[in-house]
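What follows is one structure encoded as structure tokens, with my remarks underneath.
The values are calculated or read from the model by the stated rules, or taken from the named source; none is laboratory data. Here the structure is a predicted model, which is why all the values come from computation and not from measurement. Here the Cβ positions follow ideal geometry from the backbone for every residue, glycine too, while neighbour counts run over all protein chains shown.
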């Protein structure tokens, strides 16, 4: 009691001098100071394309991404199985983590930075940074809208516990995302106005136009009203800038040695795990354990993420993109057979049992090559790609096709195919466009959106999805833990 009374007495002197407290009045006075906080929002948003739950729930439930439980006891997760079966419940922990660890923390960070920049006495000179952060926040809201549909639009830096946010309809979130991006793009520089090597990887006008093209492409899903012409207009804004082109090979985009110089990258996130500036763990999660020997890695991969024959069989044999999928007999980079501890060559086969697969079951997608990468433990320094020029060409192709210009669409699809030595198509259907997007953009986080837009998400069967999916399952349930924390949230229909 004596100790407590002494401590209480020591707390009555409130005239102490404070050090290290940042505020708009004493810190956000220059662009450099403001950018130091905006960088944190970029790093938070980057997690939508790393191998965590936000990326996984964009790929789970599709015909190109499976995480089987292993016979050895590893990797089995009933919540993963739920998503693969299209039977997600509000208690699903992967969906809950995507909300609470990835998407809404990014929105919260952006809100705080926007408030600080706006309250700065130098705010009129920080308008570009404010616009940039609004675009980052809108991007995070795009993912929230895509995954959960009906979510709260909240733009304050702090939540009043006595006035918790309420749910906004998906169409309202769509309007908010579009309006925020259109407002931001007016303030941001064009790719043709900056030194790309110095400015990389920050958003440009073209990065936001590309984002809007993606959003408009899916507008009918989000709002019930198609925006094909708007998608076409935004794609053309990127193309007409004349600053982007296809790499010589698709895989070149994802090399650790190439990102800042790639003419194909429109939006990406700079990664440097040696200074705790993000990480790339694709190789850790996707590769078979023997990839350690094949690529001389400083760790043993976990043999988790896999694909299968549906994805593989989309490619013609001469299509160079097929080489990005590892299947069948495996070899060292010098061409010698890759042998296990028993001296037997590793042969990757299709998944036979999604709940108890053997270690050699499941094909591997080599999206981010370990060749040329630098490592910090199991973290590579390959930059994470958000959107690239090939995607924009295919967006324009689809928008042209859906607005009646099949010939223009065919030329663009063939342009993308020619890069990889795929045969030239003579005619084009919507199914061809969907398949081409699946070939070109495998494991880039687009497949779930694409399957929903084209309808195959509901009708096709693959893996452990064996029946027709109800249309209301094109959005995930609001996580149960969020509704417990905020009773003002409304659960999505039928969940």
Legend entry - So residue 368, is it in contact with a strand residue (DSSP E or B) (Cβ under 9 Å, 6 or more places away or on another chain), within 23 Å of residue 430 (Cβ to Cβ) and not in a helix (DSSP H, G or I): no
Inset, instruction - Being assigned to a loop (DSSP other than H, G, I, E, B) and in contact (Cβ under 8 Å) with a residue 24 or more places away in the chain is the filter here, so list the residues in segment 72-86 that pass it. - result: 72, 74, 75, 76, 86
Legend entry - residue 287 being over 24 Å from the mean Cα position of the chain (by Cα), in contact (Cβ under 8 Å) with a residue 24 or more places away in the chain and farther than 30 Å from residue 199 by Cα: no
Legend entry - Positions within segment 462-491 being without any contact (Cβ under 8 Å) to a residue 60 or more places away in the chain and outside any loop (DSSP other than H, G, I, E, B), in sequence order: 471, 472, 484, 485
Inset, instruction - Quick one: count up the residues across segment 260-315 that are closer than 30 Å to residue 213 by Cβ, assigned to a strand (DSSP E or B) and at pLDDT 95 or above. - result: 7
Inset, instruction - Inspect segment 219-242 for any residue being more than 21 Å from the chain's Cα centre (by Cα) and closer than 30 Å to residue 349 by Cβ and give the result as yes or no. - result: no
Legend entry - Residue check, residue 222 closer than 22 Å to residue 447 by Cα, free of Cβ contacts under 8 Å to residues at least 60 places away in the same chain and either assigned to a loop (DSSP other than H, G, I, E, B) or in contact with a helix residue (DSSP H, G or I) (Cβ under 8 Å, 6 or more places away or on another chain) (or both): no
Inset, instruction - Please state which one of 194, 153 is surrounded by fewer than 21 Cβ atoms within 10 Å (Cβ to Cβ), farther than 25 Å from residue 495 by Cβ and out of contact with any strand residue (DSSP E or B) (no Cβ under 7 Å at 6 or more places or on another chain). - result: 194
Inset, instruction - State yes or no: is residue 174 buried (at least 20 other Cβ atoms within 10 Å of the Cβ), touching a residue at least 12 places away in the same chain (Cβ under 8 Å) and outside any loop (DSSP other than H, G, I, E, B)? - result: yes
Inset, instruction - State whether one or more residues within segment 336-347 are closer than 27 Å to residue 422 by Cβ, touching a residue at least 12 places away in the same chain (Cβ under 8 Å) and surrounded by fewer than 20 Cβ atoms within 10 Å (Cβ to Cβ). - result: yes
Inset, instruction - Please tell me if residue 206 is over 28 Å from residue 101 (Cβ atoms), surrounded by 21 or more Cβ atoms within 10 Å (Cβ to Cβ) and in contact (Cβ under 8 Å) with a residue 60 or more places away in the chain. - result: yes
Legend entry - Restricting segment 442-461 to residues that are surrounded by fewer than 22 Cβ atoms within 10 Å (Cβ to Cβ) and at positive phi, the residue that is farthest from the chain's Cα centre (by Cα): 455
Inset, instruction - Output the residues belonging to segment 248-259 that are assigned to a loop (DSSP other than H, G, I, E, B) and without any contact (Cβ under 8 Å) to a residue 24 or more places away in the chain. - result: 258
Inset, instruction - Determine, yes or no, whether residue 427 is surrounded by fewer than 21 Cβ atoms within 10 Å (Cβ to Cβ) and over 24 Å from the mean Cα position of the chain (by Cα). - result: yes
Inset, instruction - Taking only segment 316-327 into account, find how many residues are in contact with a strand residue (DSSP E or B) (Cβ under 6 Å, 6 or more places away or on another chain) and either in a strand (DSSP E or B) or exposed (fewer than 13 other Cβ atoms within 10 Å of the Cβ) (or both). - result: 2
